[in-house]
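The values are calculated or read from the model by the stated rules, or taken from the named source; none is laboratory data. Everything quoted here is computed from the prediction, not taken from an experiment. Neighbour counts are summed over all protein chains in view; Cβ atoms, including those assigned to glycine, are modelled from backbone coordinates with ideal geometry. Accessible surface areas use protein heavy atoms only, side chains included; no ligands, DNA or RNA. Shrake-Rupley method; radii C 1.70, N 1.55, O 1.52, S 1.80 Å.
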Amino acid sequence: MPEPRILIVDDEKILCRSLMMDLEDEGYKVSIANSGEEAVQRIPGFSPYVVLLDLRLPGMNGIQVLEKIRDWNENIAVIIMTAYGDTQITVEAIKHGAYNFINKPFELDELKILIKQALDNQSLKREFEYLRYQQRKFYRYCDLVGESAQMKEIYDKIETLSQTDDVTILIRGESGTGKELVAGAVHFKSKRNKAPFIEINCASLPESLLESELFGYEKGAFTDAKQQKRGLFELADGGTIFLDEIGEMPHSIQAKLLRFLEKKQFKRLGSGKDLKVDARIIAATNKDLEGAIKEGSFREDLYYRFNVISLYLPPLRERKEDILLLANYFINEFCRDMGKIPKELSHEVAEIFKDYPWRGNVRDLRNVIERAVIFGKGK
């Protein structure tokens, strides 16, 4: 999270300066406005996370400023600073969307607690929006395009596995075959489809960061752990965790994952307390796990935990009858998204596509079509 920005809106200049110094000492970036009009002008450029707003201001009053803030960005947390006796107007401010209020004169520690709660609430909202985005992103069962016998078998297995919403699944296949789409389809056709679907690429994060992202950490667990962080396993409670490139997971974290698969429990970094989470695990790999076991880079007991149900996605060259179907699907998709006139493959190109090896599989074909739609002239 970037340096949190706080805007203080109050006509008491001494109070503003004192608050500014105290909050800057806490690591916040602070700006001051001594009137409602000044606050409204300052907000777009400063883009505060939290606004400390006095209700009694010269000119534009606090309620009017609150309405302007909500119109500009309803996610800004507004904490009302109010005098005793202003109960009615404080209630009105809360009805207009203020996050909370504090009575003057107030204790600084009490205000700091309210600010931290507001920031934590915003962080949870961002996590929730991210999870909703992930759900929208992966609700693409129709993107599994294919009429070949291999794909029909995959569809049948997706239907079956979506009805058994707890069994661990291992999806195998070359890069670009659509393993993440199969995982998403299983999730969104299951009873877990209202809960998060969280994708984690085990190869894209260093070992230390991967562990904290998966399991979270307690405040003080390491040097930069300024506050408690919930891991992705916690955020996936009730839903599905998709571990892509499972063969690249560091050996030390494999032991923690094995424990989770056995007991559905884990510990945050820096905590001795077990947390229980109900999340389904779907893993994917393009790696030879049997070879990795012999090399000692992948745990054999973890492999057997994953290999209860194994799905194999064939490379595109092994289901040639799907190539033109996919190509036309992507042409229509990109023409629609880019606002281009409808296009089609010429006979010559169609023949080349059917014989081309597509070493990058469906992803390779999709990229070729995208470039062709962007640069192609005419139909």
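Things worth noting here:
- Heavy-atom accessible surface of Y329, to the nearest 10 Å², is about 60 Å², with a 1.4 Å probe and all protein chains retained.
- Across the stretch 212-280, Cα pairs under 8 Å and at least six residues apart give a relative contact order of 39 percent.
- For the stretch 1-51, Kirkwood radius (reciprocal of mean inverse C-alpha pair distance, Å): 10.9 Å
- When you count the other C-beta atoms within 10 angstrom of each residue and take the mean per peptide, 16-25, 103-112 line up highest first as 16-25, 103-112.
- The convex hull of the Cα atoms of the stretch 310-352, projected and averaged over all directions, covers 4.1 nm².
- Violating pairs (Cα-Cα greater than 25 angstrom) within the set K256/K276; K95/K194; K104/K125; K189/K273; K95/K125; K152/K340: K95/K194; K104/K125; K189/K273; K152/K340
- Taking 0.692 mPa s as the viscosity and 37 °C as the temperature, the Stokes-Einstein diffusion coefficient of the stretch 258-369 based on its alpha-carbon Kirkwood radius rounds to 180 µm²/s.
- Taking the 1.4 Å solvent-accessible surface of the chain as the whole, the part contributed by carbon and sulfur is 50%.
- Per residue, the average separation of C-alpha pairs within less than 8 Å and at least 6 apart gives the chain a relative contact order of 13 percent.
- Axis angle, to the nearest 10 degrees, between helix 179-188 and the longest C-alpha principal axis of the chain: 60 degrees.
- Cα gyration tensor, the stretch 163-250 - rounded (a/c under 1.5), prolate or oblate: oblate
- Label of the coordinate-derived value, percent of Cα pairs over 32 Å apart, listed as (1) 34; (2) 52; (3) 30: (2)
- Dividing the mean sequence gap of close Cα pairs (under 8 Å, 6+ apart) by how many residues the stretch 213-354 holds gives a relative contact order of 20 percent.
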